[in-house]
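Only one structure is covered here, and it is reproduced in the block below.
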Amino acid sequence: MKGSRILSALALAGLSAAQTPEGFTPVVTQKLEVTFGTKSVTPGLALQKTETSRQPTIGLNGTATGTYIWMLIDLDASTNFVNPKQGQPATYLHTVIRDFKASGTASADGITTLKSTATGPVAWFAPAPQPESPPHPHRYTNLLWEQPENWQIPTSANQMLQSQKTGFNVPKFITAAGLKDPIAANYFNVTG
């Protein structure tokens, strides 16, 4: 009995450590701080489309000394945006913005806000799932990478960003872009 409680606690601890949705690859354990207005996102938080219409503020717990790339993807899109039930399930690339850096020192609660003056290579595109019957939440996943020094987007990665938004494959992008695995992540849900 005691052993099963310990195993259950360990399993829950393992699940709670992931900042990416169950089944998403790669698994990321460091939380990316994501805030829409005054609402701080905890993994899996349900939000309204109206709450996510403006680009969020992002940050890291502790000191952030590097340069970063941020991505937002919808894991539950459809290949048919007009009538989602008629399409196939697909990942959809919403946003990729480079050159994020710390905007100052960490706040009193230890969060360092990251800012970028860049608007791409894929500009902010707010979550906008279509109404569905029955309604189901779309998991919007935020990923943050360390941006290599003097990084220029390789041609193959740029082609993916510009022409393969529907069915976007994060592991293939990581390889094509010459990046390591994401260092932080978070996700929220929006229902159409």
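The values are calculated or read from the model by the stated rules, or taken from the named source; none is laboratory data. As the structure is a prediction and not an experimental result, all values here were calculated from the model. Using ideal geometry, Cβ is built from the backbone for each residue, glycine included, and neighbour counts are taken over all protein chains shown. Remember, those area values only see protein heavy atoms, side chains included, never the ligands or the DNA or RNA. Shrake-Rupley method; radii C 1.70, N 1.55, O 1.52, S 1.80 Å.
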Worksheet item: All but one of (1) under 17 Å from the mean Cα position of the chain (by Cα); (2) closer than 24 Å to Val82 by Cα hold for Asn142; which doesn't?
Response: (2)
Worksheet item: How many residues does region 165-174 contain that are open to solvent by 50 Å² or more (accessible area, probe 1.4 Å) and closer than 17 Å to Trp70 by Cβ?
Response: 1
Discussion item. Taking the conditions exactly as written (of a type outside the set (S, T, N, Q), under 20 Å from the mean Cα position of the chain (by Cα) and either assigned to a loop (DSSP other than H, G, I, E, B) or loosely packed, with under 13 Cβ neighbours inside 10 Å (or both)), does Ala90 satisfy them or not?
Written reply: no
Worksheet item: If Leu114 satisfies every condition in (1) assigned to a helix (DSSP H, G or I); (2) surrounded by 19 or more Cβ atoms within 10 Å (Cβ to Cβ) but one, which is the exception?
Response: (1)
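If I ask for residues that are part of a strand (DSSP E or B) and open to solvent by 70 Å² or more (accessible area, probe 1.4 Å), which ones from region 44-56 would you list? Can you show your working first?
To start, the set of residues in region 44-56 that are part of a strand (DSSP E or B) comprises 45-47.
The answer is Ala46, and nothing else.
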Worksheet item: Restricted to region 139-164, and to residues that are in contact (Cβ under 8 Å) with a residue 12 or more places away in the chain and of a type in the set (Gly, Ala, Ser), which residue is least open to solvent (accessible area, probe 1.4 Å)?
Response: Ala157
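Quick one: in region 121-138, of everything that is of a type in the set (A, V, I, L, M), surrounded by 14 or more Cβ atoms within 10 Å (Cβ to Cβ) and at pLDDT 95 or above, which residue is farthest from Thr57 (Cα to Cα)? Don't jump to the end; show me each part of the working.
Going residue by residue through region 121-138, those that are of a type in the set (A, V, I, L, M) are 122-123, 126, 128.
Subset that is surrounded by 14 or more Cβ atoms within 10 Å (Cβ to Cβ): 122, 126, 128.
From the residues that got through so far, the ones that are at pLDDT 95 or above too are 122, 126.
Values: Val122: 17, Ala126: 13 Å.
Per the stated criteria, the residue is Val122.
Considering only residues that are assigned to a helix (DSSP H, G or I) and in contact with a Pro (Cβ under 8 Å, 6 or more places away or on another chain), look in region 175-192 and name the one that is least open to solvent (accessible area, probe 1.4 Å). Spell out how you get there, then give the answer.
Of the residues in region 175-192, the ones assigned to a helix (DSSP H, G or I) are 175-177.
Still in the running and in contact with a Pro (Cβ under 8 Å, 6 or more places away or on another chain): 176-177.
Working: Ala176: 24, Ala177: 2 Å².
Ranking the candidates gives Ala177 first.
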Response to the item:
When Gly104 is run through (1) open to solvent by 10 Å² or more (accessible area, probe 1.4 Å); (2) more than 27 Å from Thr38 (Cβ to Cβ); (3) not basic (Lys, Arg), the failure sits at (2)
Worksheet, complete the sentence: Within region 117-173, residues being within 20 Å of Thr35 (Cα to Cα) and in a loop (DSSP other than H, G, I, E, B) number 11
Item to complete: Report yes if Gly59 is modelled with pLDDT of 95 or more, in a loop (DSSP other than H, G, I, E, B) and either over 12 Å from the mean Cα position of the chain (by Cα) or acidic (Asp, Glu) (or both), otherwise no.
Response: no
